[in-house]
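Peer 1: One structure coming up, written as structure tokens, with questions to follow.
The values are calculated or read from the model by the stated rules, or taken from the named source; none is laboratory data. As the structure is a computational prediction, the values presented were derived from the model and not from experiment. Virtual Cβ from ideal backbone geometry, glycine too; neighbours counted across all protein chains shown.
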Amino acid sequence: MASDWMLSGWFLYFILFWVVVLVTLMAIGGFFMFRKFLKSLPKEDGKSDLDWQNFYLDKTIHLWGHDSKALLNELTSPVPELFRQVAKEKIAGRIGEIALEEGATAITQDLIIRGYIEASPKRDHKFLRKKLNEMNIDLTPYEHLFD
């Protein structure tokens, strides 16, 4: 009687395959959720990284013109669609922070490139260099930021 409930053959492999797939997908999702959770934790000043990012976006939203938005969209086009919006918000937050520090009256190409380099991880710099070269933008003034 007990042997009627034992899994065997192709059905056993089918179940094991889906167990591995589901555990893997949950682990990947959990990793990204945990990263988001860590970014939302308040720091010593009482605000989280996401709070500061939103603060800089709100304070500089009026400085963004059509051309600057188009440039940011073009620079983030190599980012996979799933992560593109999050990347744009992070980069725009850093650009806004630089703009406020310097008292900028508009978001310029220079601010966008500097903010993008500073906001992106070093492993992504080769893709940014490639994209900027495709757009015929001189990287000489920004070389010190890539280090």
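Peer 1: Just to be sure I understand, how many residues within the stretch 58-68 are in a helix (DSSP H, G or I) and surrounded by fewer than 17 Cβ atoms within 10 Å (Cβ to Cβ)?
Peer 2: The total comes to 6.
Peer 1: May I pose another question? Hey, among the residues in the stretch 1-60 that are farther than 30 Å from residue 94 by Cβ and of a type in the set (S, T, N, Q), which one's modelled with the lowest pLDDT?
Peer 2: Within the stretch 1-60, the match that is modelled with the lowest pLDDT is 3.
Peer 1: Looking at the stretch 69-88, can you tell me whether even one residue there is over 30 Å from residue 28 (Cα atoms), surrounded by 15 or more Cβ atoms within 10 Å (Cβ to Cβ) and touching a helix residue (DSSP H, G or I) at 6+ places or on another chain (Cβ under 8 Å)?
Peer 2: For the stretch 69-88, residues over 30 Å from residue 28 (Cα atoms), surrounded by 15 or more Cβ atoms within 10 Å (Cβ to Cβ) and touching a helix residue (DSSP H, G or I) at 6+ places or on another chain (Cβ under 8 Å): present.
Peer 1: Within the set of pairs 6+ apart or on separate chains, which have a first residue in the stretch 36-53 that is at negative phi and among the acidic types (Asp, Glu), a second that is modelled with pLDDT under 85 and not in a loop (DSSP other than H, G, I, E, B), and C-beta atoms under 6 Å apart?
Peer 2: 49/39
Peer 1: State whether the residues of the stretch 31-47 include one that is surrounded by 10 or more Cβ atoms within 10 Å (Cβ to Cβ), of a type in the set (Gly, Ala, Ser) and under 20 Å from the mean Cα position of the chain (by Cα).
Peer 2: The answer is yes, given that some residue of the stretch 31-47 is surrounded by 10 or more Cβ atoms within 10 Å (Cβ to Cβ), of a type in the set (Gly, Ala, Ser) and under 20 Å from the mean Cα position of the chain (by Cα).
Peer 1: When the stretch 95-129 is examined, which residues are found to be within 21 Å of the chain's Cα centre (by Cα), surrounded by fewer than 11 Cβ atoms within 10 Å (Cβ to Cβ) and in a helix (DSSP H, G or I)?
Peer 2: 122, 123, 126
Peer 1: Can you tell me how many residues in the stretch 130-147 are without any contact (Cβ under 8 Å) to a residue 40 or more places away in the chain and not in a helix (DSSP H, G or I)?
Peer 2: 5
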